[in-house]
Amino acid sequence: MSNNRVTRRQFLTYTITGVGGFMAAGMLMPMLRFAIDPVLQTKAEGDFVVTGQKVSELSEEPVKVDFSYEQVDAWYKSEVTDAAWVYKNGDEIVALSPVCKHLGCTVNWAGDSEHPEQFYCACHGGRYEKTGVNVPHTPPTGPLDQYEVSEKDGYLMLGKKFANSFA
Ligand code: FES
């Protein structure tokens, strides 16, 4: 007979310690996972978003292209919808943000019948040239931002915004 017999007290101590440790791990792991979850997420910054706009259908006339993407803000994921005014400038594709640089309203191409070749912001009469450069003596103090553009399988992709390169 072995001399290493487990006493009743030792058996209870081991059992309680084991079960307690298992339960503590079961509670702590989800909390730990929740705390570091944003760190584990892959960043989408700089990624291009594929739009439903065929590049072959673009012309020199600006068209409004709507697109959406998933935005991750810490633990909160949301679907964001956005838009761009897109046209061809020779072989170059130009994509402009529709957000007015005065107070943030949305601009429209040819929105003012007196200036059909410009972007127009109806909120306070802001106007922009086709390049997105603001017309002097109208409320906007800066040009419309541009989007990075690319192409995938014939469809337009839009990337990050950057300061207007025509200004
Ligand atoms: S918000 Fe566009 S002109 Fe004021």
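Values quoted throughout were computed directly from the atomic coordinates according to the rules given, and no laboratory measurement underlies them. All figures in this text were calculated on a predicted structure; none of them were measured in a lab. Counting neighbours? That spans all protein chains shown, and the Cβs are built from the backbone with ideal geometry, glycine included.
Structure values in brief
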| read-out | value |
| --- | --- |
| Trypsin sites (Lys or Arg not before Pro), loop per DSSP, at most 11 other Cβ atoms within 10 Å - longest free stretch of the chain | 44-167 |
| Listed residues Asp66, Asp91, Asp82, most fluctuating in the chain (Gaussian network, C-alpha, under 10 Å) | Asp91 |
| Listed residues Trp85, Trp109, Trp75, most fluctuating in the chain (Gaussian network, C-alpha, under 10 Å) | Trp75 |
| Cα long-axis angle, helix 8-40 against the chain (0 to 90 degrees, to the nearest 10) | 10 degrees |
| Relative contact order for the stretch 1-150, counting Cα pairs under 8 Å that sit 6 or more residues apart, in percent | 13 percent |
| Among Pro139, Pro98, Pro30, residue whose mean-square fluctuation peaks in a GNM of the chain (springs only between Cα atoms under 10 Å) | Pro30 |
| Loop-located GluC sites (Glu not before Pro) in the stretch 61-150 whose Cβ has at most 14 other Cβ within 10 Å (DSSP) | Glu114, Glu117 |
| The stretch 49-162 - charge dipole about Cα centre, Lys and Arg +1 at Cβ, Asp and Glu -1, debye rounded to 20 | 260 debye |
| Cα gyration tensor, the stretch 49-162 - rounded (a/c under 1.5), prolate or oblate | oblate |
